[in-house]
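J.: Pasting a structure below so you can have a look.
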Amino acid sequence: MNEKAKSILRPLYAYGFMEALIFWYAIEKLLWTASGVTPEQIIILGLVAQSSQVLIEIPSSIIADRWSRRKTLILASAFMLLSIVIVLFSQTIIAFAVMSLSWACYFAFRSGTTNAYMYDLLKEKGEQSQYRKAASRYSTYQLSALLISSLGSSALIKTGSLLTPYWISLIPTVIAIMILIRMHEPPVERTEKSTGTALHHVRSASRQITKHGWLVMIFTALSLVTAGQFIWYEYYQLFAINRGVAPVLFGVMLALIHVGNIVGAEFAHRVKNPNSVMLTALLALLISSFSLAFVSSTVAIIIFLMMCFFGSTSASIVLEESLQHQISSELRATTLSLTGFMSRIFFGIGAVMIIFLNTTPKSIAFVTFLLFLCVAIYIPVRKKLTPA
């Protein structure tokens, strides 16, 4: 990435780093289990979060396109703050359900908005050709923060309690909001596509995807790989609990998962041929998810989870870039959120299948293997992928 693009995005990178210092995420399911929540209830709470995002996803992206992407991100961080506060004051299943709704709002208001904001910041200065490198580097900064906070969570629960990581997470969340308040927002050119009713706005965004059959297949592949990644994010702790992984290792496990994410982001950044990235990513996804159905040692679990997140991160960056170059600026957040909307539908189908298969580590691995196998839908249109 050139120096001009780096200078344009430096404040956004700082925001991404601070916003990703989520010290409590690595031990969330441990807190839930310690508070009496059962494995089946954990699956249901995950469904609550993801199904809520299905309802909020599109309206939140319309707000980002029509109002302000920067202010929408501020609102997302406010929901993050609310999620933390709810858990600090109550640790019941009702509180966790309300927190899951607030967390869903946080993700929905971020979904598509951050990437649309990044692309428009670059496009304003004529640097949109740097997007894949910029998005990969943003992922690296964000994932580095997640790695730090994951390792920190293990230390925090050893010196404090399961609530200590929540208290510490308040600080970077407030700093992230302060960074956004001071950031610049590029103007977005408006046409009849983004005026009129909200339904008209969504239809215009949908036409961005359906205008080419090959774009629909890339859109579907991106939705599938995102859904599989969501399942592992939601349920890897439940998987580890059932496999007997020691609680003290949960922070280390999430940190190493983020190492896999970082390597995947840097791989997508440095390899110019998108098909080389996708082939490597798909093989990593299929091998890791299949193997996780059978391994039981902590080391093997961590290695295959790292492979899984390496593959999902690198594949999603390449697929999303191919969508970005086909999207009008005024509809960018909404169009990208449609992938989030579809991925959560795939997630919901997968979660129901996991429950139907008795909520075991094997069922989680089996369902994600099927989702990742379906990502191969991109292969017939692989020549349409955008090179770096």
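So that you can scan it fast, the table gives a plain yes or no per residue for (1) among the β-branched types (Val, Ile, Thr); (2) in contact with a strand residue (DSSP E or B) (Cβ under 9 Å, 6 or more places away or on another chain); (3) within 16 Å of TRP232 (Cα to Cα):
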{"position": "LEU292", "(1), (2), (3)": "no, no, yes"}
{"position": "MET306", "(1), (2), (3)": "no, no, yes"}
{"position": "GLY311", "(1), (2), (3)": "no, no, yes"}
{"position": "GLU320", "(1), (2), (3)": "no, no, no"}
{"position": "HIS325", "(1), (2), (3)": "no, no, no"}
{"position": "ILE349", "(1), (2), (3)": "yes, no, yes"}
{"position": "MET353", "(1), (2), (3)": "no, no, yes"}
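J.: Shifting gears a bit: Specify the residue that is modelled with the highest pLDDT; the eligible residues are those in the range 52-72 that are polar (S, T, N, Q) and under 13 Å from CYS105 (Cβ atoms).
T.: My answer is THR72.
J.: Among the residues of the range 285-335, which ones are under 18 Å from SER204 (Cα atoms), surrounded by fewer than 24 Cβ atoms within 10 Å (Cβ to Cβ) and either within 16 Å of the chain's Cα centre (by Cα) or among the small types (Gly, Ala, Ser) (or both)?
T.: SER328, SER329
J.: Where residues in the range 336-385 are crowded, with 17+ Cβ neighbours inside 10 Å and of a type in the set (Ser, Thr, Tyr), which of them is farthest from ILE241 (Cα to Cα)?
T.: TYR378
J.: Restricting attention to the range 12-25, does a residue exist that is closer than 26 Å to MET353 by Cβ and either touching a helix residue (DSSP H, G or I) at 6+ places or on another chain (Cβ under 6 Å) or not hydrophobic (A, V, I, L, M, F, W, C) (or both)?
T.: yes
J.: Give me the residue from the range 147-181 that is of a type in the set (S, T, N, Q) and assigned to a helix (DSSP H, G or I) and, out of that set, nearest to THR72 (Cα to Cα). Break it down into steps so the answer makes sense when it comes.
T.: First pass over the range 147-181, keeping only residues of a type in the set (S, T, N, Q): 149-150, 153-154, 159, 161, 164, 169, 173.
Still in the running and assigned to a helix (DSSP H, G or I): 149-150, 153-154, 159, 164, 169, 173.
Working: SER149: 24, SER150: 26, SER153: 28, SER154: 32, THR159: 36, THR164: 28, SER169: 21, THR173: 15 Å.
This residue is THR173.
J.: If VAL277 meets every condition in (1) without any contact (Cβ under 8 Å) to a residue 60 or more places away in the chain; (2) touching a Leu at 6+ places or on another chain (Cβ under 9 Å); (3) surrounded by fewer than 22 Cβ atoms within 10 Å (Cβ to Cβ) apart from one, which number is that one?
T.: Of the numbered conditions (1) without any contact (Cβ under 8 Å) to a residue 60 or more places away in the chain; (2) touching a Leu at 6+ places or on another chain (Cβ under 9 Å); (3) surrounded by fewer than 22 Cβ atoms within 10 Å (Cβ to Cβ), the odd one out for VAL277 is (3).
J.: Can you pull out the residues in the range 353-382 that are free of Cβ contacts under 8 Å to residues at least 40 places away in the same chain, part of a helix (DSSP H, G or I) and out of contact with any helix residue (DSSP H, G or I) (no Cβ under 7 Å at 6 or more places or on another chain)?
T.: Listed by number, the residues that qualify are PHE356, LEU370, ILE379.
J.: Ok, one more. Would you check if ALA64 is more than 17 Å from the chain's Cα centre (by Cα), buried (at least 22 other Cβ atoms within 10 Å of the Cβ) and either at negative phi or of a type in the set (Lys, Arg) (or both)? I'd like the intermediate steps shown before the answer.
T.: On the way: more than 17 Å from the chain's Cα centre (by Cα): yes; buried (at least 22 other Cβ atoms within 10 Å of the Cβ): yes; either at negative phi or of a type in the set (Lys, Arg) (or both): yes.
Yes.
J.: Still on this structure, please answer the following. What are the residues in the range 130-152 that are among the small types (Gly, Ala, Ser), modelled with pLDDT of 80 or more and more than 15 Å from the chain's Cα centre (by Cα), if any? Talk me through it step by step, then tell me what you get.
T.: Filtering the range 130-152 for residues among the small types (Gly, Ala, Ser) gives 134-136, 139, 144-145, 149-150, 152.
Then drop every residue that is not modelled with pLDDT of 80 or more, which leaves 134, 144-145, 149, 152.
ALA134, SER149, GLY152 - these are the residues of the range 130-152 that are among the small types (Gly, Ala, Ser), modelled with pLDDT of 80 or more and more than 15 Å from the chain's Cα centre (by Cα).
Residue-by-condition table, conditions (1) surrounded by fewer than 18 Cβ atoms within 10 Å (Cβ to Cβ); (2) more than 15 Å from the chain's Cα centre (by Cα):
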position	(1), (2)
LEU21	no, no
TYR25	no, no
PRO59	yes, yes
ARG69	no, yes
ILE93	yes, yes
PHE109	no, no
GLY112	no, no
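J.: For the condition of a type in the set (Val, Ile, Thr), over 25 Å from PRO39 (Cα atoms) and modelled with pLDDT of 80 or more, what is the one hit in ILE287, ILE231, ILE241, ILE257?
T.: The match here is ILE287.
The values are calculated or read from the model by the stated rules, or taken from the named source; none is laboratory data. No experiment lies behind these values; they were computed from the predicted model shown. Ideal geometry is used to build each Cβ from the backbone, glycine not excepted, and the neighbour counts take in all protein chains shown.
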